[in-house]
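Following: one structure in structure tokens, then a few remarks.
The values are calculated or read from the model by the stated rules, or taken from the named source; none is laboratory data. Remember, it's a predicted structure, so these values are computed and weren't measured experimentally. When we count neighbours, we look across all protein chains shown, and the Cβ atoms used for this are built from the backbone with ideal geometry, even at glycine. Accessible surface areas use protein heavy atoms only, side chains included; no ligands, DNA or RNA. Shrake-Rupley method; radii C 1.70, N 1.55, O 1.52, S 1.80 Å.
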Amino acid sequence: MTDWTALIRDVPDYPKPGILFKDITPLLADHAAFTRVVDDLGDGLVFDKVVGIEARGFILAAPVAYRSGAGFVPVRKKGKLPADTYEVSYDLEYGSATIEVHADAFGPGDRVLIVDDVLATGGTARAAVELVRRTGAEVVALSFLMELSFLSGRDRLPGLDVRTLLTV
Ligand code: AMP
């Protein structure tokens, strides 16, 4: 079995100086590694819908949903979803960002798994949790390929089931 963790490429100073970017494209291009992480991201969890956070979250969340017989729901940057939405804004290092979900994306009582590639400061994941809750659905867990533990993103997700396949 391929060591999939070796297929995450560190790109220094991208997208700006001082950031060590975790590039998952070599992993995605390797069938065995991609299959393994998709299998593991939903392992042992019961859910009706999988939320993918734009954009790399889509690539991981959609096959997790397909594999599990669940639906897929995109959480997108403001202005990209065509129908009625809920939105949540959150602070970034510089400025702020707004993400949205379709207001009718979930049914009553839907159990939701949120998937993304990297848990960094946790701001994006926190906002995604608030979006799902605003619709009345329930977040059962958040599953990440990788957690950057030095940024303490978990601290912004108290009381939630936070899973990561790799911690650095
Ligand atoms: P945060 O809101 O700080 O937890 O950032 C999470 C979002 O930014 C995720 O959607 C990640 O894809 C992306 N991200 C943050 N830091 C990195 C990094 N070092 N390498 C790759 N993606 C990152």
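Residue 40: farther than 19 Å from residue 166 by Cα, more than 16 Å from the ligand (Cβ to nearest atom) and within 17 Å of the chain's Cα centre (by Cα), yes or no?
For residue 40, the condition - farther than 19 Å from residue 166 by Cα, more than 16 Å from the ligand (Cβ to nearest atom) and within 17 Å of the chain's Cα centre (by Cα) - is not met.
Every residue in region 43-62 that is in contact (Cβ under 8 Å) with a residue 12 or more places away in the chain, within 16 Å of the ligand (Cβ to nearest atom) and open to solvent by 10 Å² or more (accessible area, probe 1.4 Å), please.
Residues satisfying the conditions are 54, 56, 58, 59, 62.
Taking residue 65, is it open to solvent by less than 20 Å² (accessible area, probe 1.4 Å), more than 11 Å from the ligand (Cβ to nearest atom) and out of contact with any Leu (no Cβ under 7 Å at 6 or more places or on another chain)? Give the steps one after another, and end with the answer.
Details: open to solvent by less than 20 Å² (accessible area, probe 1.4 Å): yes; more than 11 Å from the ligand (Cβ to nearest atom): yes; out of contact with any Leu (no Cβ under 7 Å at 6 or more places or on another chain): yes.
Answer is yes for this residue.
Residue-wise test of (1) charged (D, E, K, R); (2) touching an Asp or Glu at 6+ places or on another chain (Cβ under 6 Å); (3) in a loop (DSSP other than H, G, I, E, B); (4) within 19 Å of residue 154 (Cβ to Cβ).
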{"position": "36", "(1), (2), (3), (4)": "yes, no, no, no"}
{"position": "47", "(1), (2), (3), (4)": "no, no, yes, no"}
{"position": "62", "(1), (2), (3), (4)": "no, no, no, no"}
{"position": "80", "(1), (2), (3), (4)": "yes, no, yes, no"}
{"position": "97", "(1), (2), (3), (4)": "no, no, no, no"}
{"position": "104", "(1), (2), (3), (4)": "yes, no, yes, no"}
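Name every residue in region 106-135 that is among the hydrophobic types (A, V, I, L, M, F, W, C), farther than 18 Å from residue 55 by Cβ and not in a strand (DSSP E or B), in order of residue number.
106, 129, 132 - these are the residues of region 106-135 that are among the hydrophobic types (A, V, I, L, M, F, W, C), farther than 18 Å from residue 55 by Cβ and not in a strand (DSSP E or B).
For residue 26, work out the one condition from (1) within 15 Å of the ligand (Cβ to nearest atom); (2) open to solvent by 20 Å² or more (accessible area, probe 1.4 Å); (3) out of contact with any helix residue (DSSP H, G or I) (no Cβ under 7 Å at 6 or more places or on another chain) it doesn't fulfil.
With (1) within 15 Å of the ligand (Cβ to nearest atom); (2) open to solvent by 20 Å² or more (accessible area, probe 1.4 Å); (3) out of contact with any helix residue (DSSP H, G or I) (no Cβ under 7 Å at 6 or more places or on another chain) applied to residue 26, the lone miss is (3).
Considering only residues of region 112-168 that are β-branched (Val, Ile, Thr) and surrounded by fewer than 17 Cβ atoms within 10 Å (Cβ to Cβ), which is farthest from the ligand (Cβ to nearest atom)?
167
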